[in-house]
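The values are calculated or read from the model by the stated rules, or taken from the named source; none is laboratory data. Just so we're clear, the structure is a prediction, and the values are computed from it rather than from any experiment. Every residue, glycine as well, gets a Cβ built from its backbone with ideal geometry; the counts of neighbours run over all protein chains shown. With ligands, DNA and RNA removed, areas are computed over all heavy atoms of the protein, side chains included. Shrake-Rupley method; radii C 1.70, N 1.55, O 1.52, S 1.80 Å.
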Amino acid sequence: MRKPIRAALLAPLLLLALSGCSAAVALQPADDATDPDCARVVVALPDTVGGLDARETDAQGTGAWGDPAYVLLRCGVPSPPPTSAECVRLDGIDWIRNSDKDPNFVFTTYGRTPAVEVIIDSDGDPDVDNDGVSGFEALSDLSSAVGLIPQTNKCISPEDAG
């Protein structure tokens, strides 16, 4: 009778050892992370972003890549209002760049509700040519998933605004 009890007690430890040392990335879910569009985005997230492997996260509507996590995604953040901040259009997605978090790159989709926020560690992965993660490469890798949220508005240039 002792062998089955010992095996039952050791089984969880063995599973923990086999699951690897990387714990889930702790993230705070956005207010609208439960939006069905966020679920579609998360299901479609790529296995790699900027050459970094996907990580498990502990919050709904989120994604992370790299170990440690150099690229973080949160779906369900508030949609930004019209702004004069820098807007980058990449693969059909408009992104507003927030420079308040420099040297990290923070991009939020514009014209999509719910909005998606992507934070890219500017130091990047030291194993990727020591140049770090390319912000544009990361956004491009995420564009197919983020594009599942319908676009309702778009960035315009100052010339277009008149």
Can you name the residue in the range 137-162 that is at pLDDT 90 or above and over 19 Å from Val42 (Cβ atoms) and, of all such residues, is least open to solvent (accessible area, probe 1.4 Å)? Cys155
Given (1) open to solvent by 40 Å² or more (accessible area, probe 1.4 Å); (2) in a loop (DSSP other than H, G, I, E, B); (3) within 23 Å of Ser134 (Cα to Cα), identify the lone condition not met by Pro82. (3)
I'd like the full set of residues that are outside any strand (DSSP E or B) and in contact with a Phe, Trp or Tyr (Cβ under 7 Å, 6 or more places away or on another chain), limited to the range 90-109. none
Residue set Val118, Val133; condition over 12 Å from the mean Cα position of the chain (by Cα) and of a type outside the set (S, T, N, Q); output residue Val133
Suppose we filter Arg89, Arg55 for residues that are in contact with a Cys (Cβ under 8 Å, 6 or more places away or on another chain) and not hydrophobic (A, V, I, L, M, F, W, C); which single one remains? Arg89
